[in-house]
Structure formats: C-alpha cells, structure tokens
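Have a look at the structure below, then the notes.
The values are calculated or read from the model by the stated rules, or taken from the named source; none is laboratory data. Remember, it's a predicted structure, so these values are computed and weren't measured experimentally. Note that we place each Cβ from the backbone using ideal geometry, even for glycine, and neighbour counts take in every protein chain shown.
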Amino acid sequence: MHFKTKKLNVIWLKRDLRLLDHEALHVALASDNNCLLLYVLEEELLNDSHYSERHFNFIKQSIAQLNQQLKPHNTKVLCVQGTVLSILKSLNERIPISLYSHQETGIQLTFDRDKEVRQWVDSEEIC
C-alpha cells in the first residue's frame, strides 16, 4: 500500500523562542501540512566564546516554557544536538520538508551556518 506523503513543515527555532508573534510559525501553521518545531543545540556554539552556560540555561528554560504552552496541543519542541544541516538532511530523507525560520542577526558563525543551510535549501528546491 502506498500513501501520498505531504511535506513536513519544519519550524527551525534559533534565537526566537516564543509562540506569539512568530511569523515563521504562523505561516507554517497556515498550510495543511504537519508541523515540527525543531531546536538544534549546535555543537559549534557550545564551544564558541560568545556563548556561556547562562545562555544555554536560558535556552533550556525557554524551551521548557514553550513545551508547557504546547501541552494543550499535544505536542512539544523536538530538541536535538548536532549540526543543523545534517539534521535537516536526515529529516528530508525521511519525508520531504519545507523549512521556516526567522531571519536574525547573530555572530559570524551563525551567519555562515545560515548561508550554508540556504545553499542546501536552494539546491534541494526546498521551499
């Protein structure tokens, strides 16, 4: 038996860890595709001098708060550790994805990462 597979809308949460007034989330939810809220704890950032334990504690607390807000919807943020690109590639191998995220200001490391993800998205014709 074959099933027609819809796309999976992946909402990549970076620095904007909120549900309200979140344009990328709003656009993703407006389609009839299933949605996945994804946060990637990036190994490169763990070792970067711009980040500290206090920063990562704030992220953990913010995601815990998001998950509390999402309980009535029977869902939560998927948190994984690794590189964003490898995780997105792995997801896309299982089910075609559409990627949603905020454009944001960060450090050179995150800017380079975003350009690399954009290049992959364009090469795979992911919208």
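Things to note:
- Of the residues making up the range 55-72, not a single one is assigned to a loop (DSSP other than H, G, I, E, B), surrounded by fewer than 17 Cβ atoms within 10 Å (Cβ to Cβ), at pLDDT below 95 and out of contact with any Phe, Trp or Tyr (no Cβ under 9 Å at 6 or more places or on another chain).
- Test: residue in the range 18-33 that is part of a loop (DSSP other than H, G, I, E, B), touching a helix residue (DSSP H, G or I) at 6+ places or on another chain (Cβ under 8 Å) and either of a type in the set (Asp, Glu) or surrounded by fewer than 13 Cβ atoms within 10 Å (Cβ to Cβ) (or both): yes
- Filtered by the rule that a residue be of a type outside the set (Gly, Ala, Ser), assigned to a helix (DSSP H, G or I) and surrounded by fewer than 14 Cβ atoms within 10 Å (Cβ to Cβ), the range 90-108 gives GLU93, ARG94, GLN108.
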